[in-house]
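Q: So that we are looking at the same thing, I have put the structure below in C-alpha coordinates.
The values are calculated or read from the model by the stated rules, or taken from the named source; none is laboratory data. If you're wondering where the values come from, they're calculated on a predicted model, not measured in any experiment. Cβ: placed from backbone, ideal geometry, glycine included. Neighbour counts: every protein chain shown. When the accessible area is computed, the model is the full protein with side chains, heavy atoms only, and any ligands, DNA or RNA have been set aside. Shrake-Rupley method; radii C 1.70, N 1.55, O 1.52, S 1.80 Å.
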Amino acid sequence: MKIDGGCHCGYITIEGEADPAKTTICHCTDCQTGTGSAFRVSVPVPGETFRMSGEPATYLKTTADSGNPRLQAFCPRCGSPIYSTSPGDGIQASYMVRVGILRQRREFEPKRQNWFRSALPWVTGLGGINQNAKQG
Ligand SMILES: [Zn+2]
Ligand SMILES: [Zn+2]
(Lines give C-alpha, C1' and ligand atoms only; values in the text may rest on other atoms or scores of the structure.)
(Ligands and ions follow the chains in the order given, each with its own letter.)
Protein backbone atom coordinates (compact mmCIF):
# COMPACT_ATOMS: atom_id res chain seq x y z
CA MET A 1 0.00 0.00 0.00
CA LYS A 2 1.00 3.61 -0.48
CA ILE A 3 2.49 5.30 2.55
CA ASP A 4 3.44 8.82 3.44
CA GLY A 5 4.54 10.67 6.50
CA GLY A 6 7.29 12.68 8.03
CA CYS A 7 9.23 13.74 11.06
CA HIS A 8 7.88 15.57 14.08
CA CYS A 9 8.90 19.08 12.90
CA GLY A 10 7.87 18.54 9.26
CA TYR A 11 11.29 19.11 7.67
CA ILE A 12 11.59 15.51 6.41
CA THR A 13 8.72 13.97 4.46
CA ILE A 14 8.69 10.54 2.88
CA GLU A 15 6.47 8.44 0.64
CA GLY A 16 6.66 5.01 -0.90
CA GLU A 17 5.02 1.61 -0.87
CA ALA A 18 5.07 -0.92 1.95
CA ASP A 19 3.43 -4.22 2.85
CA PRO A 20 1.86 -4.05 6.34
CA ALA A 21 2.47 -7.82 6.74
CA LYS A 22 6.22 -7.08 6.87
CA THR A 23 5.97 -4.82 9.92
CA THR A 24 8.55 -5.84 12.52
CA ILE A 25 9.37 -4.97 16.12
CA CYS A 26 13.03 -4.98 17.10
CA HIS A 27 13.84 -5.30 20.80
CA CYS A 28 17.63 -5.18 20.42
CA THR A 29 19.52 -2.85 22.73
CA ASP A 30 20.71 -0.71 19.77
CA CYS A 31 17.08 -0.03 18.85
CA GLN A 32 16.20 0.73 22.46
CA THR A 33 19.00 3.31 22.62
CA GLY A 34 18.39 4.67 19.10
CA THR A 35 14.72 5.29 19.76
CA GLY A 36 15.05 6.33 23.38
CA SER A 37 12.21 3.88 23.98
CA ALA A 38 11.51 0.21 24.62
CA PHE A 39 11.60 -1.08 21.03
CA ARG A 40 11.56 -0.01 17.39
CA VAL A 41 8.78 -0.69 14.84
CA SER A 42 9.81 -0.65 11.17
CA VAL A 43 8.59 -1.73 7.75
CA PRO A 44 10.70 -2.20 4.60
CA VAL A 45 10.11 0.18 1.68
CA PRO A 46 11.68 -0.83 -1.66
CA GLY A 47 14.23 1.74 -2.80
CA GLU A 48 12.56 2.20 -6.19
CA THR A 49 9.36 3.44 -4.49
CA PHE A 50 11.01 5.53 -1.77
CA ARG A 51 10.85 9.33 -2.07
CA MET A 52 12.00 11.87 0.46
CA SER A 53 12.13 15.64 0.85
CA GLY A 54 14.62 17.25 3.22
CA GLU A 55 18.12 16.10 3.97
CA PRO A 56 18.41 13.66 6.89
CA ALA A 57 21.41 13.46 9.18
CA THR A 58 23.00 10.00 9.19
CA TYR A 59 25.48 7.90 11.07
CA LEU A 60 26.90 4.46 10.48
CA LYS A 61 26.62 1.92 13.27
CA THR A 62 27.74 -1.69 13.31
CA THR A 63 25.54 -3.42 15.83
CA ALA A 64 27.15 -5.92 18.15
CA ASP A 65 24.33 -8.38 17.58
CA SER A 66 24.22 -8.68 13.79
CA GLY A 67 27.72 -7.50 12.86
CA ASN A 68 26.27 -5.64 9.87
CA PRO A 69 26.88 -1.90 9.48
CA ARG A 70 23.66 0.04 9.02
CA LEU A 71 23.15 3.64 8.03
CA GLN A 72 20.77 5.31 10.48
CA ALA A 73 18.91 8.41 9.24
CA PHE A 74 17.10 10.94 11.37
CA CYS A 75 15.84 14.51 11.12
CA PRO A 76 18.70 16.96 11.85
CA ARG A 77 16.22 19.47 13.31
CA CYS A 78 13.87 17.45 15.52
CA GLY A 79 15.71 14.13 15.87
CA SER A 80 12.88 11.87 14.68
CA PRO A 81 14.25 8.53 13.44
CA ILE A 82 13.36 8.15 9.73
CA TYR A 83 14.89 4.90 8.44
CA SER A 84 17.90 2.62 8.37
CA THR A 85 19.46 1.16 5.24
CA SER A 86 22.59 -0.46 3.86
CA PRO A 87 25.63 1.82 3.57
CA GLY A 88 26.69 3.04 0.13
CA ASP A 89 26.07 5.70 -2.49
CA GLY A 90 22.84 6.16 -4.41
CA ILE A 91 19.50 4.47 -3.99
CA GLN A 92 19.62 1.40 -1.78
CA ALA A 93 17.54 -1.75 -2.34
CA SER A 94 15.44 -1.29 0.77
CA TYR A 95 14.76 1.26 3.51
CA MET A 96 13.54 0.19 6.93
CA VAL A 97 11.15 3.06 7.59
CA ARG A 98 10.06 3.83 11.15
CA VAL A 99 6.36 3.14 11.46
CA GLY A 100 5.77 5.96 13.95
CA ILE A 101 6.42 8.59 11.25
CA LEU A 102 3.77 7.16 8.87
CA ARG A 103 0.36 8.75 8.54
CA GLN A 104 -0.95 5.17 8.06
CA ARG A 105 0.74 3.89 11.25
CA ARG A 106 -2.42 2.25 12.60
CA GLU A 107 -2.50 -0.12 9.62
CA PHE A 108 1.03 -1.41 10.27
CA GLU A 109 0.48 -3.95 13.00
CA PRO A 110 3.70 -5.87 13.78
CA LYS A 111 3.83 -9.50 12.66
CA ARG A 112 7.22 -10.41 14.11
CA GLN A 113 9.41 -9.52 17.11
CA ASN A 114 13.18 -9.80 16.69
CA TRP A 115 15.82 -9.94 19.44
CA PHE A 116 13.15 -10.82 21.95
CA ARG A 117 15.79 -11.96 24.44
CA SER A 118 16.59 -8.24 24.96
CA ALA A 119 12.93 -7.23 25.34
CA LEU A 120 12.10 -5.24 28.46
CA PRO A 121 10.05 -7.55 30.68
CA TRP A 122 6.97 -5.31 30.88
CA VAL A 123 6.33 -5.13 27.11
CA THR A 124 4.22 -8.29 27.14
CA GLY A 125 1.88 -6.84 29.78
CA LEU A 126 1.02 -3.37 28.40
CA GLY A 127 -2.71 -4.17 28.58
CA GLY A 128 -2.46 -4.52 32.35
CA ILE A 129 -1.03 -1.04 32.94
CA ASN A 130 -3.47 1.68 34.04
CA GLN A 131 -4.83 3.41 30.93
CA ASN A 132 -5.78 7.04 30.43
CA ALA A 133 -7.56 7.91 27.17
CA LYS A 134 -5.57 11.16 27.18
CA GLN A 135 -2.62 12.39 29.21
CA GLY A 136 -2.86 11.11 32.80
ZN1 LIG B 1 12.10 17.05 11.92
ZN1 LIG C 1 17.23 -3.56 16.65
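Q: Scan segment 41-56 for residues that are open to solvent by 30 Å² or more (accessible area, probe 1.4 Å) and either within 16 Å of ligand 2 (Cβ to nearest atom) or of a type in the set (A, V, I, L, M) (or both) and jot them down. Step through it out loud before you land on a result.
A: Within segment 41-56, the first condition is being open to solvent by 30 Å² or more (accessible area, probe 1.4 Å), and the residues that meet it are 41, 44, 46, 48-49, 51-55.
The answer is VAL41, PRO44, MET52.
Q: GLN72: at pLDDT 95 or above, within 15 Å of ligand 2 (Cβ to nearest atom) and out of contact with any strand residue (DSSP E or B) (no Cβ under 7 Å at 6 or more places or on another chain), yes or no?
A: Values: at pLDDT 95 or above: yes; within 15 Å of ligand 2 (Cβ to nearest atom): yes; out of contact with any strand residue (DSSP E or B) (no Cβ under 7 Å at 6 or more places or on another chain): no.
For GLN72, the condition - at pLDDT 95 or above, within 15 Å of ligand 2 (Cβ to nearest atom) and out of contact with any strand residue (DSSP E or B) (no Cβ under 7 Å at 6 or more places or on another chain) - is not met.
Q: Return the total of residues in segment 79-97 being part of a loop (DSSP other than H, G, I, E, B) and either within 16 Å of ARG40 (Cα to Cα) or open to solvent by less than 50 Å² (accessible area, probe 1.4 Å) (or both). Explain how you work it out, then say what you get.
A: Residues of segment 79-97 that are part of a loop (DSSP other than H, G, I, E, B), as a first pass: 79-80, 86-93.
Cutting the leftovers down to either within 16 Å of ARG40 (Cα to Cα) or open to solvent by less than 50 Å² (accessible area, probe 1.4 Å) (or both) gives us 79-80, 86, 92.
Going through segment 79-97 one residue at a time, the tally reaches 4.
Q: If we scan segment 65-76, do we find a residue that is surrounded by 12 or more Cβ atoms within 10 Å (Cβ to Cβ), out of contact with any Ser or Thr (no Cβ under 9 Å at 6 or more places or on another chain), farther than 18 Å from ASP4 by Cα and not charged (D, E, K, R)?
A: yes
Q: Just wondering, is there one or more residues in segment 99-109 that are charged (D, E, K, R), under 16 Å from HIS27 (Cβ atoms) and outside any loop (DSSP other than H, G, I, E, B)? Spell out how you get there, then give the answer.
A: At the first step, the residues of segment 99-109 found to be charged (D, E, K, R) are 103, 105-107, 109.
Then keep just the ones that are under 16 Å from HIS27 (Cβ atoms); that gives none.
No, because not a single residue in segment 99-109 is charged (D, E, K, R), under 16 Å from HIS27 (Cβ atoms) and outside any loop (DSSP other than H, G, I, E, B).
Q: Further question on the same structure: When residues of segment 6-40 are filtered for being crowded, with 20+ Cβ neighbours inside 10 Å, under 14 Å from the mean Cα position of the chain (by Cα) and either in a strand (DSSP E or B) or of a type in the set (Lys, Arg) (or both), how many remain?
A: Counting residues in segment 6-40 that are crowded, with 20+ Cβ neighbours inside 10 Å, under 14 Å from the mean Cα position of the chain (by Cα) and either in a strand (DSSP E or B) or of a type in the set (Lys, Arg) (or both) gives 5.
Q: Does ARG103 satisfy the criteria of being exposed (fewer than 15 other Cβ atoms within 10 Å of the Cβ) and without any contact (Cβ under 8 Å) to a residue 60 or more places away in the chain? Walk me through how you get there before you give the answer.
A: Working: exposed (fewer than 15 other Cβ atoms within 10 Å of the Cβ): yes; without any contact (Cβ under 8 Å) to a residue 60 or more places away in the chain: no.
In short, no.
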